[in-house]
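Below is one structure; the comments refer to it alone.
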Amino acid sequence: YNGNKFNLLNYIDSDTGFISQKSMNGKELKALERPGLWNGAMSDWNTVFVEVPLSTFNPVKTVNDLLRESHQ
């Protein structure tokens, strides 16, 4: 922000966490995740989910997503 870097380690809640399942190179892994500023489990934040029309949010996650009318 304004040319300054954030140390994300300052935003970890080390008193809590959860185990998630991930994979790397085809191998299943379990990972201990600590809530922090960078992930969906932000500690002490209130999250509000709002449904919006697809026309306002058109992510590209696969090549096929580019075939949507909104990306033409």
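The table below lists the values:
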{"quantity": "Complete set of residues in the stretch 47-61 that are within 29 Å of P35 (Cβ to Cβ) and surrounded by fewer than 10 Cβ atoms within 10 Å (Cβ to Cβ)", "calculated": "T47, V48, F49, V50, E51, V52, T56, F57, P59, K61"}
{"quantity": "Subset of the stretch 10-32 (residues that are of a type in the set (G, A, S) and under 15 Å from S43 (Cα atoms))", "calculated": "S14, G17"}
{"quantity": "Hey, E28 assigned to a loop (DSSP other than H, G, I, E, B) and charged (D, E, K, R) or not", "calculated": "no"}
{"quantity": "All positions within the stretch 45-56 that are modelled with pLDDT under 85 and under 30 Å from T16 (Cβ atoms)", "calculated": "W45, N46, T47, V48"}
{"quantity": "Residue among S43, S20 that is surrounded by 11 or more Cβ atoms within 10 Å (Cβ to Cβ), within 15 Å of the chain's Cα centre (by Cα) and assigned to a strand (DSSP E or B)", "calculated": "S20"}
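Listed here are the residues, each with its yes/no results for (1) in contact with an Asp or Glu (Cβ under 8 Å, 6 or more places away or on another chain); (2) touching a residue at least 12 places away in the same chain (Cβ under 8 Å).
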site: D15; (1), (2): no, no
site: F18; (1), (2): yes, yes
site: N25; (1), (2): no, no
site: E33; (1), (2): no, yes
site: E51; (1), (2): no, no
site: T62; (1), (2): no, no
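The values are calculated or read from the model by the stated rules, or taken from the named source; none is laboratory data. Computed from a predicted model, the values in this text were never measured in an experiment. Positions of Cβ are generated from backbone atoms using ideal geometry, with glycine treated the same way; all protein chains shown enter the neighbour counts.
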